[in-house]
Amino acid sequence: MIHTNSGSVLYIASAPGAPTALSGTGGYTTLTWEEVGEIEDLGEFGDESESVNFTTLKNTRVHKLKGPRDAGTMTIVCGDDMLDDGQIAMEAAEATPLDWPFKVVMNDAITLGGDNSEHYFFGKVMSKRRNAGNASNVVRRSFGVGINSEILSVDPS
C-alpha cells in the first residue's frame, strides 16, 4: 500500500545516549521525546552496504562484496521557527559530539484507527544551516543527522 508523507513526524529525545544503550524498540519507548516542528522534508534514511571490490588476476574479473552498512545522513528541512522546542533541541544537539535518539512516525496506518509505523535510531546532528532564499521564500533550516545505529522499525497496523 502506498501513501504520502503528509502527517509524518520527527522526534528527538530530550537527552543523548549511546547507540548500544537500548535493546529493541522497547527501550526507545521509555524516552522523553520532543517533536521537531515545521518540517517540510524528512529526507532519506536506511542502510546501504559499501561495495568492497576484489579483482582476480587470472580472469580479470572484478568481484563485488558487501562491506559495512551505512544508514546515511538524513537531511531534515524545516521552516525556521526560533521558538520551536524541537528545533531548539536539534540546534543544541548539533553543538555536542554526542549521539541522540530519534524517532520517525510515518502517517501510514493500514486500517482506520490503526497504528502508524515507527522508526528508531541514534545519530549525531552534524549541521544546522539556514537557507534565507529570496524575498518570496520562507526561511528554512536544514539539519543533517548522521545515523550511527541500526534503524529499528515497528510496522503499521
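Values quoted throughout were computed directly from the atomic coordinates according to the rules given, and no laboratory measurement underlies them. Here the structure is a predicted model, which is why all the values come from computation and not from measurement. Note that we place each Cβ from the backbone using ideal geometry, even for glycine, and neighbour counts take in every protein chain shown.
Treating r as the C-beta distance of Leu65 and Thr25 and R0 as 25 Å, the FRET efficiency rounds to 0.25. When only Cα pairs below 8 angstrom with a gap of at least 6 residues are kept, region 1-152 shows a relative contact order of 28 percent. The sum of -39500 (n - 2.57) across all DSSP H runs of n ≥ 4, divided by the residue count of the chain, sets its helix-only mean residue ellipticity at 222 nm to -2500 deg cm²/dmol. Peptide packing for 49-59, 32-42 was compared via the average number of neighbouring C-beta atoms within 10 Å per residue; ordered from the highest value, the list is 32-42, 49-59. Gain on full extension, evaluated as 0.36 nm per residue between Ser127 and Leu98 minus their Cα-Cα distance, stands at 9.1 nm.
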